[in-house]
Amino acid sequence: MSVVEATRPVPPRGRGAGSDRGFRPEVQGLRALAVLMVVSYHIWFGRVSGGVDIFLLISAFLLSLSFLRRIEGGKPLDLAQHWLHQFKRLLPAVVVVILGVLGASYVLVPPSRWPDIIEQSWASLFYVQNWVLASNAVDYYADDHSLASPLQHFWSLSVQGQVFILWPLLFLASALLARRFRLRVRGVVLIVFGAVFVASLTFSIWETYTNQAYAYFDTRARLWEFALGTLLALALPFVRLPRTLRIVAGWVGVAAMLSGGFILDVQGQFPGYVALWPLLAAALVILAGQTGSAIGADRFLSAKPLVRVGDLSYALYLWHWPVLVLALVWQDRPSPGLLGGFVIIAVSLVLAYLTMRFVERPLRALAWADKRRRRAVVVLAVSVGLVAAPLAAWQHSITQEARNLAAEADTNNPGALVLDPLLGISAPAGVPPIPATTELDKEYFQFDEACAGEDVPADALIRDACYVVEPPSTPVRDIVVVGDSHSQQWAVPLAAMAQERGWKVTFVLLGGCKYGAGPEGRTPKCEQWNAAVTDYVLQQAPDLVYTVGTVARSDDPQDVLPAGFARTARMLDDRGIQVVAVRDNPRFGTSRVLCVETQGADSPACNPPRAATLSDQPPVAELLAQAPNVAFLDFTDYLCRDEVCPAVIGNVLVYIDDNHVSASYLRSMLPIFTQRFDEAVRP
């Protein structure tokens, strides 16, 4: 598709502040400074610098200059050709990095992390990584984030890729509107992208305030940063600043860029209005232009070393993060240190240079592919295939291995049954534990049915977190399970009992929120949720409420009662609703799965002393003193042996992270759970 803009082109104004034509070395140096900020902040400071936001601004600025020149020069906007050329230039380097990450991850990264890496490889390949990370960022039940993904940084490239598709469409629409209504194209572009800027910034401020973890990766909350680059490109020919002012503006911009990451909480407050800091700083540098002064910031930014780093900036950004993450995994260290950081930068620079020299430049100059569209399509298809083939093969291998383990589970993986002396069951030696560590995402109980009809809570706060297990006929008993993820995990044996006995079980859950009254240790949302849940329980009037009645801690073996829980339990009992409180399971300082993978199931680290993990004296006396009719269940003797609390029992992984019990192990506990439930709960 193409369109020719008939409006008069804007004449060039030279190479100063108002220039929008020709190569601008200071912009390339600005790009270099931004990538060096990103790299150094990631490696040494563990902070977000704001350099990525500058990248977004520069990419939109340069893209907009290109489209404005084509439209005002009367050249057709062949969007299909543009997109093919753009992604033919970008994708091959992405492919090289993803393949490198996959190979290194297979060797260095524990298998429990492989599914995340595979998922993010697919997402990075197709430029949707930001949406995957946005979803995980707000998913309380997502896997342990203690080890960052080596592909996490692809979120910004995914946002750019999406904008590289959207922006040409907006320019095309602007050109068509300008031609249809005989308007100057720059005026139409100003209105269109000005509207995008205002709408996106407003949305970004709102979403950053209400859901910052999601907003950070949300394309919609980032569009205004690109729009600002476009507005800057529009304004550039009309900006005429005195030379002295441009010199000052350039250095103010550089200083603000370099300091923003330390002054601002970039990771916690972006991309709302706070992101204006690095963006306006970069805009000052661009508006300053080439001053011709020996003391101008442009002289510093135009220096050959910086310009050459600018040439490498794309590949350097691609490589620095996986090199950092994989180096830390290899060394089992939380940070690289000063010397290690320089080594990581050196390795990243070498890989970036090799990628630019032997991948980016040759394919960018591949005239054969530019002559016909189908040839460019072939290049893109081959690039995608080079990643898709090994990814699909790896996924198939992982799935098949998990199936093989599951097929032998009844014989090889008795789990908690080995702790019952009456059964006399033992686990065979040398057998891999289940679940396969690549299948941990399936170890949370999966709810199939949301609450409906009379079961739907009136309060919107809990409506979307209400699930039900319904019997085929009129329920014999009505149970409501409330609390956090530690209450949810007991859905495994509860649902099995419910299906067998014709019970109805309703689950109302909020991750990280213990059930009970009182603000101590709870967020305002958790307090509101607790109040809404209690109202819901009183309205439903079930036979009993099941919840976790203590709080275990990784740094103290003595568990405690949740704030106000005893008072809430007594109030429910007064209304004829029995409360069943299960003792919280042990918590640990590190992932039990990672411990097994890296040190072995028999290592002392994976078998900490029971006395140091969870006390033999739960706070049951304190609970019963305030709520004497509570039924208290304690399964610590089936989560720990006499002396230790193992990560693996009966060839089954007890935990899927540092504090959640695996569904596989809870299934193996069903006989003892049923027995103790029946003993403790009144008919």
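The values are calculated or read from the model by the stated rules, or taken from the named source; none is laboratory data. Just so we're clear, the structure is a prediction, and the values are computed from it rather than from any experiment. For neighbour counting, all protein chains shown are included, and Cβ atoms are generated from backbone atoms with ideal geometry for every residue, glycine included. Side chains are part of the model used for accessible areas, which takes the heavy atoms of the whole protein and leaves out ligands, DNA and RNA. Shrake-Rupley method; radii C 1.70, N 1.55, O 1.52, S 1.80 Å.
So here's what we get for this one:
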{"item": "In segment 368-399, residue most open to solvent (accessible area, probe 1.4 Å) [restricted to those that are of a type in the set (A, V, I, L, M, F, W, C) and either touching a strand residue (DSSP E or B) at 6+ places or on another chain (Cβ under 6 Å) or without any contact (Cβ under 8 Å) to a residue 40 or more places away in the chain (or both)]", "result": "W368"}
{"item": "Helices (runs of 4 or more DSSP H) enclosed by segment 28-126 - at least 2 residues per element that are out of contact with any helix residue (DSSP H, G or I) (no Cβ under 8 Å at 6 or more places or on another chain)", "result": "51-72, 79-108"}
{"item": "Among residues of segment 202-233, those that are within 21 Å of S66 (Cα to Cα), hydrophobic (A, V, I, L, M, F, W, C) and open to solvent by less than 10 Å² (accessible area, probe 1.4 Å), counted", "result": "4"}
{"item": "Residue match in segment 290-302 (condition: at positive phi and either without any contact (Cβ under 8 Å) to a residue 40 or more places away in the chain or open to solvent by 20 Å² or more (accessible area, probe 1.4 Å) (or both))", "result": "yes"}
{"item": "Pairs, first part of a helix (DSSP H, G or I) in segment 245-257, second of a type in the set (D, E), C-beta under 9 Å, six or more apart", "result": "R246/D298; I247/D298; G250/E26; G250/D298"}
{"item": "All positions within segment 459-468 that are over 24 Å from Y655 (Cβ atoms) and either at pLDDT below 90 or outside any loop (DSSP other than H, G, I, E, B) (or both)", "result": "A460, L461, I462, R463, D464, C466, V468"}
{"item": "Of residues in segment 235-270 being open to solvent by less than 10 Å² (accessible area, probe 1.4 Å) and touching a Ser or Thr at 6+ places or on another chain (Cβ under 9 Å), the one nearest to I295 (Cα to Cα)", "result": "G250"}
{"item": "Tally of residues being exposed (fewer than 12 other Cβ atoms within 10 Å of the Cβ) and assigned to a loop (DSSP other than H, G, I, E, B) across segment 405-427", "result": "5"}
{"item": "Where Y536 falls short, out of the listed (1) of a type outside the set (G, A, S); (2) out of contact with any strand residue (DSSP E or B) (no Cβ under 8 Å at 6 or more places or on another chain); (3) more than 17 Å from H486 (Cβ to Cβ); (4) open to solvent by less than 10 Å² (accessible area, probe 1.4 Å)", "result": "(2)"}
{"item": "Qualifying residue in segment 339-357 (condition: surrounded by 15 or more Cβ atoms within 10 Å (Cβ to Cβ), aromatic (F, W, Y) and at pLDDT 95 or above)", "result": "yes"}
{"item": "Filter pass, D584 being assigned to a loop (DSSP other than H, G, I, E, B), out of contact with any Gly (no Cβ under 6 Å at 6 or more places or on another chain) and open to solvent by 50 Å² or more (accessible area, probe 1.4 Å)", "result": "no"}
{"item": "Close pairs from segment 639-652: first on the phi > 0 side of the Ramachandran plot, partner surrounded by fewer than 21 Cβ atoms within 10 Å (Cβ to Cβ) and not aliphatic (A, V, I, L, M), Cβ under 8 Å, at least 6 apart", "result": "N651/N412; N651/P428; N651/P432"}
